[in-house]
Amino acid sequence: IEQKEKYLMPLVNGEIRSCFAMTEPEVSGSDPTMLQSRAELDGNEWVINAHKWFTTGAIGASFSIVMAMTDPDAAPHERFSMFIVDADNPGFEIVREVPVMGDHFAGGHCEVRYTNCRVPKENLLGKRGEGFKLAQLRLGPGRITHAMRWIGVAKRSFDLMVEYSTKRTTRGKTLSEFQTIQNFIADSAAEIEAARLLTLHAAWKMDQGDQARKEISIIKFFGAKVLHDVIDRAIQVHGALGITGDTPLEGFYREARSARIYDGADEVHRMVVAKQVLKAFKKERVTR
Ligand SMILES: Cc1cc2nc3c(=O)[nH]c(=O)nc-3n(C[C@H](O)[C@H](O)[C@H](O)COP(=O)(O)OP(=O)(O)OC[C@H]3O[C@@H](n4cnc5c(N)ncnc54)[C@H](O)[C@@H]3O)c2cc1C
């Protein structure tokens, strides 16, 4: 209750920002059991040592939620816990804002060091050893909001593509009269609609109380590809204009590239989907 009052309520009221620190430069973020950050209990305090990067929004955040190993002898998925570290902790140091492809994000994507950060015992988030469980609870809903945002950006790019194709003429015809451009339009319409329905389906499953891991992984990698491909076609239809800053498309394109990496690379989400399909098939001898 104290944690909720001190940290959650000001967050919900929009008075402060937080950031989430899991990824580390030295090890593969796709296999979080490799994370090297450590937290040790010393009396009534946890002592945290960690080196993180890609902590989105770290500059200006009031606190960071840090994933660190607390129980090295436990089963791999029960070794880590999450901690709240205030940004004014003397051991909290923003090393740099990592220069990243795409437009500036408020608070940056930062490299952060935690050197002997002492936090009260109560700053453990949830239970000891439940770091991955909590991360999963946070990342699922986060991923579906990415998918929603991507549909909006894809749709805006689609609108620009269709509008321009009806205005620009070459060889006596508008671009929209050429079959290749019509294929761009038809493929984009189908892909955006598919992404929208997959997102709605995943959201519906979540509303039923299901974690919808397979459905969320499907829209994570499928949605990121639709986003990329639709913007790419919209740029192509605009010709040289498409890569200028005179339309929002080039900005969208730079942003879209990282969608295939953050919150789980495409390959990891495909692996999750394939594993679930195969598991069900082995049990029931049919695909679902
Ligand atoms: C814009 C942005 C914002 C981010 N914000 C945050 C944040 O706020 N907090 C945070 O903690 N992290 C954040 N991240 C980090 C992100 O979650 C990681 O980059 C991601 O999990 C991948 O980890 P990695 O970069 O270490 O790549 P690695 O794990 O080293 O993987 C590299 C590549 O290997 C391949 N690969 C990996 N696993 C497999 C597999 N099983 N099968 C086949 N190929 C595979 C993929 O092609 C992958 O892209 C952010 C990243 C970006 C780009």
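Any chance you could count how many residues in the range 199-220 are under 17 Å from residue 272 (Cα atoms) and either in contact with a His (Cβ under 7 Å, 6 or more places away or on another chain) or not in a helix (DSSP H, G or I) (or both)?
Counting residues in the range 199-220 that are under 17 Å from residue 272 (Cα atoms) and either in contact with a His (Cβ under 7 Å, 6 or more places away or on another chain) or not in a helix (DSSP H, G or I) (or both) gives 6.
Write out, first by first residue and then by second, each pair whose Cβ atoms fall under 6 Å of each other, whose residues are 6+ apart or on separate chains, and whose first residue, in the range 147-163, is assigned by TED's automatic domain parsing to the domain that holds residue 239 while the second is assigned to a helix (DSSP H, G or I) and of a type in the set (Lys, Arg).
Cβ pairs passing all conditions: 151/196.
Suppose we keep only residues that are crowded, with 18+ Cβ neighbours inside 10 Å and assigned to a strand (DSSP E or B) within the range 104-117. Which one would you say is farthest from the ligand (Cβ to nearest atom)?
Checked the range 104-117; the qualifying residue farthest from the ligand (Cβ to nearest atom) is 117.
Restricting attention to the range 230-262, which residues are in contact with a Lys or Arg (Cβ under 9 Å, 6 or more places away or on another chain), in a loop (DSSP other than H, G, I, E, B) and surrounded by fewer than 17 Cβ atoms within 10 Å (Cβ to Cβ)?
Within the range 230-262, 248 is the sole residue that qualifies.
For the range 86-103: of the residues being of a type in the set (A, V, I, L, M) and in a strand (DSSP E or B), which is surrounded by the most Cβ atoms within 10 Å (Cβ to Cβ)? Can you show your working first?
We begin by selecting, within the range 86-103, every residue of a type in the set (A, V, I, L, M); these are 87, 94-95, 98, 100-101.
Checking which are in a strand (DSSP E or B) leaves us with 94-95.
Numbers: 94: 18, 95: 13.
Out of the qualifying residues, it is 94.
Go through the residues of the range 137-149 one by one and say whether even a single one is among the hydroxyl-bearing types (Ser, Thr, Tyr) and either within 30 Å of residue 248 (Cα to Cα) or within 15 Å of the ligand (Cβ to nearest atom) (or both).
yes
I need a count of the residues in the range 11-36 that are over 14 Å from residue 64 (Cα atoms) and either surrounded by 14 or more Cβ atoms within 10 Å (Cβ to Cβ) or touching an Asp or Glu at 6+ places or on another chain (Cβ under 8 Å) (or both). Steps first, please.
Let us first name the residues in the range 11-36 that are over 14 Å from residue 64 (Cα atoms), namely 12-15, 24-36.
Keeping just the survivors that are either surrounded by 14 or more Cβ atoms within 10 Å (Cβ to Cβ) or touching an Asp or Glu at 6+ places or on another chain (Cβ under 8 Å) (or both) gives 24-25, 27, 29-30, 32, 35-36.
The qualifying residues number 8.
Which one of 33, 23, 56 is in contact with a helix residue (DSSP H, G or I) (Cβ under 6 Å, 6 or more places away or on another chain), in the same structural domain as residue 86 (by TED's automatic domain parsing) and within 15 Å of the ligand (Cβ to nearest atom)?
Every option except 33 fails the conditions.
The values are calculated or read from the model by the stated rules, or taken from the named source; none is laboratory data. Fair warning: this is a prediction, and the values are worked out from it, not measured in the lab. Counting neighbours? That spans all protein chains shown, and the Cβs are built from the backbone with ideal geometry, glycine included.
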